[in-house]
Amino acid sequence: QVQVVESGGGLVQPGGSLNLSCTASGTIRSIYDMGWYRQAPGKQRDWVALITSDNSTNYADSVKGRFTISRDNAKKTVYLQMNKMKPEDTAVYYCKVNFRLNYSWGQGTQVTVSS
């Protein structure tokens with residue numbers, strides 16, 4: 001069994017920063033890509049950022065230049081540093097961890113950007 005758990009969400013003012021973490025645990029041989037997604041109320045879940053096993057990164061246009069994804073393979077953890085946050089960044093943020101034959105989602109962490 002594999003568990004994926006996100007943390008680090010909360011309330012932040014516009015222009016502020018948050019750092020999300022996502023850790024995979026359980027019987028894991030190797031982790032491939034790791035990604036972040038978000039889902040605002042009443043909207044579909046959208047892709048935010050991706051990091052490959054060789055640390056190549058890619059970002060949605062809406063967060064490019066403001067968000068940074070990184071990973072620590074020894075800790076089986078992926079991070080999302082969010083800077084210059086905007087109200088439209090408000091959403092539940094989900095982590096997706098890809099393995100060789102399948103993938104797992106975390107339960108999500110709420111991020112609210114509001115004054």
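How many residues are more than 22 Å from Gly9 (Cα to Cα) and hydrophobic (A, V, I, L, M, F, W, C) if we restrict to the range 94-109?
Qualifying residue count, the range 94-109: 2.
In the range 30-69, what count of residues is obtained for those that are of a type in the set (Val, Ile, Thr) and open to solvent by 60 Å² or more (accessible area, probe 1.4 Å)?
Within the range 30-69, residues that are of a type in the set (Val, Ile, Thr) and open to solvent by 60 Å² or more (accessible area, probe 1.4 Å) number 2.
Across the range 70-108, what is the number of residues that are farther than 19 Å from Gln39 by Cβ, open to solvent by 40 Å² or more (accessible area, probe 1.4 Å), in contact with a Lys or Arg (Cβ under 7 Å, 6 or more places away or on another chain) and without any contact (Cβ under 8 Å) to a residue 60 or more places away in the chain?
Residues meeting the conditions: 0.
The values are calculated or read from the model by the stated rules, or taken from the named source; none is laboratory data. Only a predicted model underlies this, so the values are computations on that prediction, with no experimental measurement involved. As a convention, Cβ positions derive from the backbone with ideal geometry for all residues, glycine included, and neighbour counts pool all protein chains shown. Only protein heavy atoms, including side chains, enter the accessible area calculation; ligands, DNA and RNA are left aside. Shrake-Rupley method; radii C 1.70, N 1.55, O 1.52, S 1.80 Å.
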